[in-house]
1. Could you please find all residues in segment 160-192 being open to solvent by 10 Å² or more (accessible area, probe 1.4 Å), farther than 14 Å from Arg27 by Cβ and touching a residue at least 60 places away in the same chain (Cβ under 8 Å)?
2. Only one of Glu420, Glu383 is modelled with pLDDT of 95 or more, buried (at least 17 other Cβ atoms within 10 Å of the Cβ) and of a type in the set (Asp, Glu); which?
3. Taking the criterion of being open to solvent by 50 Å² or more (accessible area, probe 1.4 Å) and of a type in the set (Gly, Ala, Ser), would at least one residue in segment 452-462 satisfy it?
4. Keeping to segment 39-73, report how many residues are surrounded by fewer than 17 Cβ atoms within 10 Å (Cβ to Cβ), part of a loop (DSSP other than H, G, I, E, B) and at pLDDT 90 or above.
5. May I ask you to list the residues in segment 326-360 that are over 20 Å from Arg91 (Cα atoms), open to solvent by 50 Å² or more (accessible area, probe 1.4 Å) and touching a helix residue (DSSP H, G or I) at 6+ places or on another chain (Cβ under 9 Å)?
6. Considering only residues that are assigned to a helix (DSSP H, G or I) and touching a residue at least 12 places away in the same chain (Cβ under 8 Å), look in segment 233-244 and name the one that is surrounded by the most Cβ atoms within 10 Å (Cβ to Cβ).
7. Given the structure, is Leu321 more than 29 Å from His100 (Cβ to Cβ), of a type in the set (A, V, I, L, M, F, W, C) and more than 30 Å from the chain's Cα centre (by Cα)?
8. Could you pull out every one of the helices (runs of 4 or more DSSP H) wholly within segment 177-232 that has 2 or more residues that are among the charged types (D, E, K, R) and under 16 Å from Cys137 (Cβ atoms)?
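The values are calculated or read from the model by the stated rules, or taken from the named source; none is laboratory data. Keep in mind the model is a prediction, meaning the values are calculated, not measured. Cβ atoms come from the backbone with ideal geometry, glycine included; neighbour counts cover every protein chain shown. Heads up: the accessible areas ignore ligands, DNA and RNA and are worked out on the full protein's heavy atoms, side chains in. Shrake-Rupley method; radii C 1.70, N 1.55, O 1.52, S 1.80 Å.
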Amino acid sequence: MTLPMTIVSKQICTEGLLKAMSWSARREGWNPQSEDARDDGDVDYSRVIHSAAFRRLQGKTQILNLGDSDFYRTRLTHSLEVAQIAGGIARQLAKSFPDHPAATLLPDRGTIHSIGCTHDFGHPPFGHGGEIALNYCMREVGGFEGNGQTLRILGRLEHFSSNAGANLTRRTMLGVLKYPVAFSAVHNPSIAPALLEGPTTLKVLDGKACKPPKCYHDSEQDIVDWILAPLSNADRPAFQSVHPQPGKHGKSIHKSLDCSIMDAADDIAYGVHDLEDAIALSLVTREGFATAVQDCCPTFLDALKEKYPGESANDVFSHMLEGLFGGAASRKRFIGRLVHHFLTAVEYVELEEFAEPLLRYRVRVRDGQRQFLDVLQDFVVREVITSPAVQHLEFKGQGMVIAVFEAMQADPIRLLPRDELERFESTGGDLRIICDYVAAMTDTHLLKTYERLFSPRLGSVFDRL
């Protein structure tokens with residue numbers, strides 16, 4: 001029997017609506033070539049790898065200053081490691097919990113690698129110091145936050161589509177949305193970015209006051225609305241709920257399954273691989289490390305005893321220290337063991353208040369291993385990131401970021417590159433455009449731009465802008 005045309009039309013419309021609302025949808029229509037063998041995750045991954053933002057990560061600081069050595073991590077190598085660990089977590093979950101309700105929800109390799117590789121796209125030059133500096137520059141027009149800038153790059157600024165940036169699938173974008181709350185929803189107005197009081201000739205940022213809330217920018221609300229469109233009227237406000245913190249900015253509470261996998265991988269890479277760099281470059285001592293971790297690593301020591309009973313007698317702790325602080329080969333072996341120890345400790349968590357499965361399930365590192373990982377991260381922060389050697393460079397970087405931003409802001413017609421000026425003028429002078437330009441710079445690009453604007457040397461018209 002032939003269906004009436006009206007019924008057929010309604011069926012087509014319904015199917016089209018369901019497709020548009022699916023997690024595999026893209027904001028702009030796109031159809032692969034008929035011979036294209038890639039799935040959605042593969043397409044997303046190819047766009048990420050071929051993006052300008054991905055390439056720029058090779059020139060951005062992870063922790064240590066670029067140029068000091070060619071050994072340690074940059075944002076690019078860190079992101080690749082996060083993607084690899086995240087993929088390993090997904091595979092491990094499938095093996096360890098094959099009958100779990102979330103087993104069928106695990107992301108494919110292309111999707112989780114896309115999320116891992118993009119998670120730091122929005123971080124500006126000079127790491128978190130640059131982030132604080134740009135939040136100060138944008139203090140009156142919506143602030144700046146690195147994760148929020150990642151969403152803006154992928155959803156608006158990349159050039160794989162007319163108006164949807166990289167035009168990734170909704171599921172990948174949900175995984176990228178690490179903090180699903182707007183700046184205006186979590187910003188505490190009593191905490192205003194400001195300069196430190198006291199210095200009379202120097203302008204020094206108040207780091208605590210200038211630290212942004214973890215959020216997405218209000219300017220990307222339409223992107224977030226599209227990402228969260230499939231959620232029910234109950235799930236969406238719950239997912240975007242905020243935990244108030246007296247005297248601080250508010251804090252988002254939830255993230256999706258894929259995002260939680262990436263987040264666990266990021267913590268592992270941060271705690272273990274950044275530790276490896278610090279040890280290899282003699283920035284931390286064996287004695288200091290031993291004191292920091294001696295009471296919090298029983299899960300790892302027990303694992304070493306069980307898996308490698310012939311390697312040490314009874315003093316497994318000293319054997320671990322010798323491995324990490326011995327030669328390059330033994331250090332690499334123990335770094336690999338640490339990653340494996342944390343990766344295999346990832347487990348599912350269920351939040352029954354959510355109906356959407358991608359929100360109902362997420363992952364975490366089990367408590368004992370989590371405690372050890374937290375100590376490793378705190379050790380790197382205390383001994384490396386907040387050390388004067390690193391902070392001197394961060395201080396210098398902050399000053400250069402602000403100087404370049406404010407120069408462009410003061411006279412954009414003279415100083416902004418022509419394509420950036422066109423974008424700036426087309427938006428009626430939106431400072432977010434200048435922020436995009438400065439945030440996208442590598443450390444070296446920012447340094448050269450600063451020198452070109454402020455250094456006494458003559459310079460050249462052939463210097464790249």
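1. Lys178, Tyr179, Ala185, His187, Asn188
2. Details: Glu383 fails: modelled with pLDDT of 95 or more.
Selected residue: Glu420, the only one of Glu420, Glu383 that is modelled with pLDDT of 95 or more, buried (at least 17 other Cβ atoms within 10 Å of the Cβ) and of a type in the set (Asp, Glu).
3. Step one: list which residues in segment 452-462 are open to solvent by 50 Å² or more (accessible area, probe 1.4 Å), which gives 452-454, 456-458, 461-462.
Within this subset, residues satisfying the condition of being of a type in the set (Gly, Ala, Ser) are none.
Looking through segment 452-462, none of the residues is open to solvent by 50 Å² or more (accessible area, probe 1.4 Å) and of a type in the set (Gly, Ala, Ser).
4. Total satisfying the criteria: 2.
5. Ala328, Lys332, Arg333, Glu352, Glu353, Ala355
6. Taking the candidates together, the pick is Phe239.
7. Taking the combined requirement at face value, the residue satisfies it.
8. Values: elements: 183-186, 207-210, 221-227.
Counting at least 2 such residues, we get no helices (runs of 4 or more DSSP H) at all.
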